[in-house]
Amino acid sequence: MSALAARGLEKRYGSTTALAGVDVDVAEGELVGLLGPNGAGKSTLVKIACGLVRPTRGQAEVCGAKAGSLASRRKLGYLAELFRFPGWYSADELIALHQRLSGSSGGDAERSELLELVGLAEARDRRVEAMSKGMQQRLGIAQALVGAPPLLLLDEPTSALDPVGRRTVRLLLEELRRRGTSVLLNSHLLSEIELVCDRVVILLRGKVVAEGSPAELGRARGIEVETDEGTRVFEGAREDVPRLVAELVAAGRRVYGVQVLTSTLEDTYLEAVGEETS
């Protein structure tokens with residue numbers, strides 16, 4: 001059973017179509033990245049999965065329960081893009097608040113484990129208003145993990161962080177995957193998605209326009225060979241290199257260099273979204 005299964009999701013706001021028949025799956029322990037320009041439907045999809053928005057058509061399920069139901073909400077954790085926590089709360093008090101809100105019985109042991117997980121054990125008594133943006137971001141992930149939900153929905157969790165903060169969150173996501181937590185990550189940062197995600201879904205105007213692992217989306221673009229006659233690009237992939245070089249040598253050519261050309265996730269993304277801007 002998928003941690004998240006969306007089938008034929010449509011969402012219209014008057015004459016505006018936010019989603020136009022989207023199918024998305026997040027398997028158990030899988031980290032899936034959502035990419036797309038502003039208005040592509042990424043946040044709408046996340047909000048439908050949370051139960052904050054109802055689809056016009058289609059359905060979404062969280063661990064087999066209808067999205068928005070009490071059973072589904074008990075199976076997921078959510079960190080919104082523009083979250084705000086009371087500045088006068090300490091990290092420990094904030095997690096305790098969310099334990100009460102979610103009905104978690106984990107108590108002090110759960111709070112200690114979560115703060116340790118996100119690297120805030122030493123800041124347990126620090127007020128939110130005295131924390132850096134990166135610390136608040138990690139605290140937000142900790143509150144989303146209260147009750148050990150099998151699915152985590154993150155909306156732009158690293159957008160306002162510096163490179164060190166992004167790396168910290170990335171390592172945290174890798175640890176969550178190791179623990180078997182499924183993650184749907186909505187982000188504009190292609191480099192982060194490429195580094196940490198098992199699979200990528202690219203949305204454009206409410207539709208899935210590309211999907212696959214970063215390696216699958218970064219497909220081969222040919223083989224560049226430098227010989228005594230100059231540089232030329234041949235069709236083929238990495239496995240074709242030995243044959244191609246042997247043929248060139250047999251034909252009397254001197255081979256000075258070989259490079260397999262591949263498109264990056266950024267290339268694929270730009271090709272998929274065309275002239276759209278984020």
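FYI, it's all coordinate maths here, none of it is from the lab. For clarity, every value in this text was computed on a predicted model and none was experimentally measured. Methodologically, a virtual Cβ is constructed for each residue, glycine included, from the backbone with ideal geometry; neighbour enumeration extends over all protein chains shown.
Within the chain, count lysine pairs with alpha carbon atoms under 12 angstrom apart where the residues are 8 or more positions apart or belong to different chains. Walk me through the intermediate numbers first.
Working: LYS11/LYS42; LYS11/LYS47; LYS11/LYS207; LYS42/LYS207; LYS66/LYS75.
Eligible lysine pairs with Cα atoms under 12 Å apart amount to 5.
Work out how much length GLU235 to VAL258 would gain on full extension: take 0.36 nm times their residue separation and subtract the Cα-Cα distance, in nm to one decimal. Don't skip to the answer; put the middle values down first.
Details: separation 23, 0.36 × 23 = 8.28 nm, distance 1.28 nm.
So the chain would gain 7.0 nm between GLU235 and VAL258.
Quick check: pseudo-label points 7 Å beyond the Cα along Cα→Cβ at GLU129 and GLU28, how many nm apart are they?
Those two pseudo-labels are separated by 4.6 nm.
Are there trypsin sites (Lys or Arg not before Pro) in the stretch 206-267 that DSSP marks as loop and that have at most 10 other Cβ atoms within 10 Å, and which are they? If you can, show how the numbers build up before the last one.
Details: sites: LYS207, ARG219, ARG221, ARG232, ARG238, ARG243, ARG253, ARG254; in loops: ARG219, ARG253, ARG254.
Taking the stretch 206-267 and a limit of 10 other Cβ atoms within 10 Å, the loop trypsin sites (Lys or Arg not before Pro) found are ARG254.
About its Cα centre, how strong a charge dipole does the stretch 9-103 have in debye, to the nearest 20, once Lys and Arg get +1 and Asp and Glu get -1 at the Cβ? Please report the intermediate quantities before stating the final value.
On the way: 12 positive and 9 negative charges, 94 e Å.
Computed about the Cα centre, the dipole is about 460 debye.
What's the FRET efficiency of SER105 with ARG74 using the Cβ-Cβ distance as r and R₀ = 22 Å, to the nearest 0.05?
Values: r = 13 Å, r/R0 = 0.58.
After rounding to 0.05, the efficiency reads 0.95.
Could you work out the relative contact order of the stretch 220-262? I mean the mean sequence separation of Cα pairs under 8 Å and 6+ apart, divided by the number of residues, in percent.
Working: 69 pairs, mean separation 23.1, N = 43.
Computed value for the stretch 220-262: 54 percent relative contact order.
Quick one: compute the contact order of the chain, relative version, from alpha carbon pairs under 8 angstrom and 6+ residues apart, as a percent.
Working: 551 pairs, mean separation 61.8, N = 278.
Once normalised by length, the contact order is 22 percent.
Find how much the distance from LEU195 to TRP88 grows on full extension, using 0.36 nm per residue of separation minus their present alpha carbon separation; answer in nm with one decimal. Intermediate results must be reported in sequence, preceding the final value.
Working: separation 107, 0.36 × 107 = 38.52 nm, distance 3.55 nm.
Taking 0.36 nm per residue and subtracting the Cα distance, the gain is 35.0 nm.
For an R0 of 41 angstrom, estimate the FRET efficiency from the Cβ-Cβ distance between ASP228 and ASP267 and round to the nearest 0.05.
Values: r = 31 Å, r/R0 = 0.75.
The pair ASP228/ASP267 has a calculated efficiency of 0.85.
For labels at LYS66 and ARG7 in the simple 7 Å Cα→Cβ model, what's the distance in nm?
1.4 nm
Is there a quick way to get the dipole size of the chain? I mean about its Cα centre, with the Cβ of Lys and Arg at +1 and of Asp and Glu at -1; what is the value in debye to the nearest 20?
Details: 35 positive and 39 negative charges, 229 e Å.
Computed charge dipole of the chain: roughly 1100 debye.
If I stretch the segment between ARG221 and HIS188 completely, what's the gain in nm (0.36 nm per residue apart, minus their alpha carbon distance), one decimal?
On the way: separation 33, 0.36 × 33 = 11.88 nm, distance 2.48 nm.
Answer, rounded to one decimal: 9.4 nm.
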